[in-house]
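Some notes on the structure that comes next.
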Amino acid sequence: ACSASLRQIFVADTGNHRIRLIKFNDHTLSSGTVETLTGIRSAGWEDGPAHLARFHSPVGLALSFANSGTLFVADSLNHRIRAVSAQGYVSTIAGSGAQGSLDAAGIFASFDVPSGLAIDETGVMYVSDQKIGRIRRISPGSTCGDGRVTLGEQCDDANLANFDGCSSLCTVEQGWMCVNGTFSSMSSCSSICGDGSVHGSEECDDGNDDENDGCSNCRIEFGWNCDENTCNTICGDGFRKGNEECDDGNNQGFDGCTAQCQIQALWVCQPGENGVGPDSCKISPLFLGLFIPACVLLLAGGDRKSV
């Protein structure tokens, strides 16, 4: 498949289970650069963001500008027809994954090694179903919000609400991934935890899956405050977290633990019982060991001034 206006060629890299993209800077073939559009180098089936999606021996491609530049893929050994949106989201629009020849709506239909695709000017798709020697037809007649994912839709969660993963236009919203059901084509959408933006029921999202940094599994950890994707420890709550050197349960100064939860010079702080609870801070014994003998010497010499 190719786009002359965008100077791009799309390639089904069958053996690597990937869809590749060749971009040209000018009108010469030597200017082309190759990148992976979607798929990883292991066979499988997974819908979602392009960098996570998986294919099994993709073969035929068809680019449809009638569907906002969507690239359709004959995913041959998954026995499915997949769609890659211009926004970089992969969804299954037809085929249950079972080998067969059943004519039905969307993912209720079955294919047997689909290999070739073509789309006419009205948006109708034709599929070369290789193993059974048939040409199949997929009609674009879809109604967004009816709970059935059909040609031209990335998802359909049976409503026209926004901000729930599947928009009122049946496109997957940013920060979400939607999976089309096996026995019912209604989409199930969930927010993508770890992408750095808060969606759905997420309390926080700091862009990673690490623990003990304030946000774990998109839930705020005990002893932290999080604002969207930035988390900070709660200094003064009596529990050491993050980069805190101490936490004595208050924000007062001159008691060994500063208002920024750092240990003051010449002090030592120990955590509470069993390593939890407010720190107990006291002047360093090393300092006292130097300070008291110096005072004794001064006093013995007759100088009673405090040092």
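The rows are residues; the columns are (1) over 25 Å from the mean Cα position of the chain (by Cα); (2) more than 20 Å from F111 (Cα to Cα).
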position	(1), (2)
Q8	yes, yes
V34	no, yes
R41	no, yes
R54	no, no
Task: Complete set of residues in the range 228-240 that are of a type outside the set (S, T, N, Q) and either in contact with a Pro (Cβ under 9 Å, 6 or more places away or on another chain) or modelled with pLDDT of 90 or more (or both) - done: C231, I234, C235, G236, D237, G238, F239, R240
Task: Scope the range 262-279; condition among the β-branched types (V, I, T) and in contact with a strand residue (DSSP E or B) (Cβ under 8 Å, 6 or more places away or on another chain); matching residues - done: I263, V268
TODO: Output the number of residues of the range 15-55 satisfying the condition of being open to solvent by 50 Å² or more (accessible area, probe 1.4 Å) and assigned to a helix (DSSP H, G or I).
DONE: 3
TODO: For A98, indicate whether it is touching a strand residue (DSSP E or B) at 6+ places or on another chain (Cβ under 7 Å) and exposed (fewer than 15 other Cβ atoms within 10 Å of the Cβ).
DONE: no
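Conditions (1) within 20 Å of S188 (Cβ to Cβ); (2) open to solvent by less than 20 Å² (accessible area, probe 1.4 Å); (3) more than 31 Å from the chain's Cα centre (by Cα), marked per residue:
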{"site": "I132", "(1), (2), (3)": "no, no, yes"}
{"site": "G147", "(1), (2), (3)": "yes, yes, no"}
{"site": "D156", "(1), (2), (3)": "yes, yes, no"}
{"site": "G165", "(1), (2), (3)": "yes, yes, no"}
{"site": "S168", "(1), (2), (3)": "yes, no, no"}
{"site": "T171", "(1), (2), (3)": "yes, no, no"}
{"site": "M177", "(1), (2), (3)": "yes, no, no"}
- [ ] Determine the pairs where a residue that is surrounded by 15 or more Cβ atoms within 10 Å (Cβ to Cβ), located within the range 265-278, has a partner that is assigned to a loop (DSSP other than H, G, I, E, B) and of a type in the set (D, E, K, R) with Cβ atoms under 8 Å apart, the partner being 6 or more residues away or on another chain.
- [x] C269/E245; C269/D248; C269/D279; P271/R240; P271/D279; G272/D279; P278/D247; P278/D248
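Of the residues that sit in the range 214-250 and are part of a loop (DSSP other than H, G, I, E, B) and basic (K, R), which one is surrounded by the fewest Cβ atoms within 10 Å (Cβ to Cβ)? Before you say what the answer is, go through the steps one by one.
First, the residues of the range 214-250 that are part of a loop (DSSP other than H, G, I, E, B): 214, 217-218, 221-223, 228-229, 234-250.
With basic (K, R) added as a condition, the list becomes 240-241.
Values: R240: 23, K241: 20.
Result: K241.
The values are calculated or read from the model by the stated rules, or taken from the named source; none is laboratory data. Keep in mind that what you see is a predicted model, and the values were worked out from it rather than measured. With ideal geometry, Cβ positions are generated from the backbone for all residues, glycine too; neighbour counts draw on all protein chains shown. Ligands, DNA and RNA are excluded from the accessible area calculation, which covers all protein heavy atoms including side chains. Shrake-Rupley method; radii C 1.70, N 1.55, O 1.52, S 1.80 Å.
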